[in-house]
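Chemist: Sharing a structure, written as structure tokens. Questions coming.
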Amino acid sequence: KATDYTDRSTCILFGDGAGAALLEWTEDGTLLGSYTATSGASGHHLYRSSLSADIDGHPIQTTGKIVQDGREVYKWAVTQVPKGITALLENNG
């Protein structure tokens, strides 16, 4: 209901999602580490809204569907994944 399948810049990349989890049992039950990243300043590149006409001065579509600038979201994601992997490896030996 939230995805506009006629909007190829949104539906193709949104279906891929970005998430990963690697869990392994430990005797003491601890989680070694986690990493998350977000960029509120880039909110106008990916949103679902019918409540406002703009995000931080950037005009937005108010369709009630998910709207995405697929190229910008992709560029952000491919820079963050290597940073996240590096941070996890460095922080957890």
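Chemist: Could you tell me whether Thr79 is modelled with pLDDT under 85 and either farther than 22 Å from Cys11 by Cβ or surrounded by fewer than 16 Cβ atoms within 10 Å (Cβ to Cβ) (or both)? So that I can check it myself, show each step before the final result.
Modeler: Working: modelled with pLDDT under 85: no; either farther than 22 Å from Cys11 by Cβ or surrounded by fewer than 16 Cβ atoms within 10 Å (Cβ to Cβ) (or both): yes.
So Thr79 fails the test.
Chemist: If a residue has to be within 30 Å of Leu88 (Cα to Cα) and surrounded by 13 or more Cβ atoms within 10 Å (Cβ to Cβ) to count, how many in region 21-56 make the cut?
Modeler: The first filter runs over region 21-56 and keeps only residues within 30 Å of Leu88 (Cα to Cα), leaving 21-47.
Applying the additional criterion that residues be surrounded by 13 or more Cβ atoms within 10 Å (Cβ to Cβ) yields 35, 37, 42-47.
Summing the residues that are within 30 Å of Leu88 (Cα to Cα) and surrounded by 13 or more Cβ atoms within 10 Å (Cβ to Cβ) in region 21-56 gives 8.
Chemist: So, one more: Take the conditions open to solvent by less than 70 Å² (accessible area, probe 1.4 Å), within 14 Å of Cys11 (Cα to Cα) and within 12 Å of the chain's Cα centre (by Cα) and apply them to Val67. Does it pass? If you could, list the steps in order and put the result at the bottom.
Modeler: Numbers: open to solvent by less than 70 Å² (accessible area, probe 1.4 Å): yes; within 14 Å of Cys11 (Cα to Cα): yes; within 12 Å of the chain's Cα centre (by Cα): no.
Judged against the criteria, Val67 is not a match.
Chemist: Is there any pair linking a residue in region 8-26 that is under 20 Å from Tyr74 (Cα atoms) and aromatic (Phe, Trp, Tyr) to one that is surrounded by 10 or more Cβ atoms within 10 Å (Cβ to Cβ) and modelled with pLDDT of 75 or more, with Cβ under 8 Å and at least six apart or on different chains, and which?
Modeler: Phe14/Thr3; Phe14/Ile66; Phe14/Gln68
Chemist: Given the conditions (1) within 22 Å of Thr6 (Cα to Cα); (2) at pLDDT 90 or above, which single one is not true for Gly70?
Modeler: Just one mismatch for Gly70, condition (2).
Chemist: Regarding Pro59, is this residue of a type outside the set (S, T, N, Q), exposed (fewer than 11 other Cβ atoms within 10 Å of the Cβ) and either at pLDDT below 85 or farther than 23 Å from Ala2 by Cβ (or both)? Outline the logic, then answer.
Modeler: On the way: of a type outside the set (S, T, N, Q): yes; exposed (fewer than 11 other Cβ atoms within 10 Å of the Cβ): yes; either at pLDDT below 85 or farther than 23 Å from Ala2 by Cβ (or both): no.
So Pro59 fails the test.
Chemist: Inspect region 54-67 for any residue being polar (S, T, N, Q) and outside any loop (DSSP other than H, G, I, E, B) and give the result as yes or no. Don't jump to the end; show me each part of the working.
Modeler: Within region 54-67, the first condition is being polar (S, T, N, Q), and the residues that meet it are 61-63.
Those left that are additionally outside any loop (DSSP other than H, G, I, E, B): none.
Scanning region 54-67 turns up no residue that is polar (S, T, N, Q) and outside any loop (DSSP other than H, G, I, E, B).
The values are calculated or read from the model by the stated rules, or taken from the named source; none is laboratory data. All of these numbers come straight from a predicted model, not from anything done at the bench. Methodologically, a virtual Cβ is constructed for each residue, glycine included, from the backbone with ideal geometry; neighbour enumeration extends over all protein chains shown. Accessible surface is based on the protein model in full, side chains and every heavy atom, while ligands, DNA and RNA are left aside. Shrake-Rupley method; radii C 1.70, N 1.55, O 1.52, S 1.80 Å.
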